[in-house]
Amino acid sequence: MTIFTFVFKRFFRKKSNIVFLFVLPIGSVFIPTAAWPPIPLGFHYYSLLLLLLAARLGGITLEDRTNKTLLRLSASPISHFQYLFQNLLAYTVILTVVNLVFVFLGVIVHGENLPSPILLFIIYTVFSMTALGFSLAWYSLFRHMETAFSILGGVIVLMGMLGGVMWPVEAMPEYLQQAVMLLPTYWAAESTLIVAYGTQAKDLGTPLVVMILFCIAFLLLGSRRRLT
Amino acid sequence: MMLMKASYFIFRRMLRDYIGMAILLLLPIALISVLALIADGAVSEPLGIPMMDEVAVTMVFAFIMFGGFYTMEYVRGDLMSSMKWRIYSLPYGIHNHAYAILISCSLFNVLQSLLVVFYTIFVYNVNWGNLGIVFFIILLVTAVIQLVFINFVLGVKKYKTAERLGTGFGLACLMLGEVWFPLPDGPFFSFLSTYSNPFSLGQNMIFATITGENIEKAIISLVIFIALALVLAITAVYFGRRKLI
């Protein structure tokens, strides 16, 4: 597991990364509850933050590709599967810690107003994986870090808007309500809404399974080995 | 004369920068189109103008806040990387080049914003009021934003820090302008959300042109803008003299 430990060393060596990882989630804990949804707003928007954080983490793979680390790795006795698996595992661990801190702070700040923090934590953890898969697939399309990251910002906001994070999906025209089910953000928003309205936990099954399926699909798209 | 020529060539270079175009031109158009889906027909409460008009104004100004990255990139590319030795060896003052970058980036940004404005007019029938005044306001806001960003890039030692400052500045403006969520009530916060940042100041002026109300708010904003532009221009000259020897 050398690559696994190395990801931590590499990521946390830059102090700015730590700030980036925690500043936005901690800030959004304090956003109060608005008219919609019946949950502190930061907890509903958190899926977008996860996409952003995952994009930052997943950037390491693109960096490896652009500075030819991947090419050198392919000459070493490490399989591409091992490389990807250990990288993704490390990112998942990092994001899970962030989720844990986020939910924990949420319980302290909002107390009773936060419905079932454990379910929220499960949703966030599953969505972190989807987000990592998404960032991997996204970066496999680009050659320059700057370009990929700056376009991604816009794409995330668009996905959030269409996926029902910013406003209920019902506010949009009929034909779009069906189409946006193809976005992972839709399912993240859907599952936080299920928790917010306090419906039964077993309703969470579908969104969680769909998110995992999305994760697999994205991983299949993004895990192709590209050396250039 | 040389200034004009340099500006013209920088402008031509910018026309080929497809990524910048994608982010600052296509993205706002995409966002406006998505927001139009849910805004249809609704009227925005305190101002009494259609929701769509408010969305259009917000989007145009939100993207102007990030337009300064053009200036930043070109200052770095031409005056702070190895390219600078080539520019220094020309029979042409380095400050001229900085001015040229400032001028062409501002104009390019104004052009992009106007394209978005025309898109909203033709597709969504948004009422912007007098287009001449809109042009003037956009020009003023853009100029101030470019000055802010040139201050960042010249005043800070590392380019990466300047970049982060730029992003932070843009996001802070949007946050103070109450784009994402309303700020708490109280006189202090209402002052913050009205006069504290170029985004709100620009919005004040545009809304005054559209509705014809709150003229004094718009005039105060205009005065703040002109003062801001002067101060920023002076500091930019100061930082520039220190950095670009």
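The values are calculated or read from the model by the stated rules, or taken from the named source; none is laboratory data. The model shown is predicted, which means the values in this text are computed figures rather than measured ones. Here the Cβ is made from the backbone with ideal geometry for all residues, glycine too, and neighbour counts use every protein chain on show. With ligands, DNA and RNA removed, areas are computed over all heavy atoms of the protein, side chains included. Shrake-Rupley method; radii C 1.70, N 1.55, O 1.52, S 1.80 Å.
List of remarks:
- Longest stretch of chain A clear of exposed loop sites (chymotrypsin sites (Phe, Trp or Tyr not before Pro), DSSP loop, at most 15 other Cβ atoms within 10 Å, sites excluded): A:31-196.
- Candidates A:97, A:19, A:180, ranked by Gaussian network fluctuation over chain A, Cα under 10 Å, top entry: A:19
- Per-residue ³J(HN,Hα) for segment B:48-62, Karplus 6.51 cos²θ - 1.76 cosθ + 1.60, θ = phi - 60°, Hz, x for Gly and Pro: x, 10, x, 3, 4, 5, 5, 4, 4, 4, 4, 5, 4, 6, 4
- Rounded to two decimals, the Cα radius of gyration of segment A:46-88 over 2.2 N^0.38 Å is 1.36.
- Here is the list for segment A:44-142: trypsin sites (Lys or Arg not before Pro) lying in DSSP coil, each with at most 14 other C-beta atoms within 10 angstrom of its C-beta, are A:68.
- Among the protein heavy atoms of the protein assembly as shown, carbon and sulfur supply 71% of the accessible surface, probe 1.4 Å, non-protein parts ignored.
- Relative intensity, log₁₀ I(q)/I(0), of segment B:138-242 from a Debye sum that treats every alpha carbon as a point, q = 0.09, 0.12, 0.14, 0.22 Å⁻¹: -0.26, -0.45, -0.61, -1.20
- Its Cα centre serving as origin, the protein assembly as shown has a Cβ charge dipole (Lys and Arg +1, Asp and Glu -1) of approximately 2920 debye.
- Listed residues A:110, A:41, A:100: farthest to the positive end of the dipole of segment A:1-134 (Cβ charges): A:100
- Amide H contacts for residue B:43 (H built 1.01 Å from N in the peptide plane; partners 5 or more residues away or on another chain; cut-off under 5 Å): B:51.
- Where chymotrypsin sites (Phe, Trp or Tyr not before Pro) fall in DSSP loop in segment B:73-172, at most 16 other Cβ within 10 Å: B:92
- Cα-based equivalent ellipsoid of the protein assembly as shown: semi-axis lengths in Å, sorted from largest, via gyration tensor: 38, 31, 20
- Relative to the Cα centre, the charge distribution of segment A:2-222, modelled as +1 at Lys and Arg Cβ and -1 at Asp and Glu Cβ, gives a dipole magnitude of about 1060 debye.
- Average accessible surface area per residue within the protein assembly as shown, 1.4 Å rolling probe, Å²: 48
- FRET E, pair residue B:127, residue B:226, Förster distance 25 Å, beta-carbon r, rounded to 0.05: 0.40
- Filtered trypsin sites (Lys or Arg not before Pro), segment B:1-104: DSSP coil and at most 10 other beta carbons within 10 Å: B:16
- Springs between Cα atoms under 10 Å define the GNM used for chain A, and in it the highest mean-square fluctuation of A:148, A:188, A:75 occurs at A:75.
- With θ taken as phi - 60° and the Karplus curve 6.51 cos²θ - 1.76 cosθ + 1.60 applied, the whole-hertz 3J(HN,Hα) list for segment B:112-117 is 4, 4, 5, 4, 5, 4 Hz, x standing for glycine and proline.
- Shielding of peptide A:168-175 by partners, expressed as the average count of other chain Cβ atoms within 10 Å per residue Cβ, is 2.
- Residues of segment B:27-57 buried by at least 20 Å² of accessible area upon assembly of all protein chains, compared with the chain on its own (1.4 Å probe): B:27, B:31, B:34, B:35, B:37, B:38.
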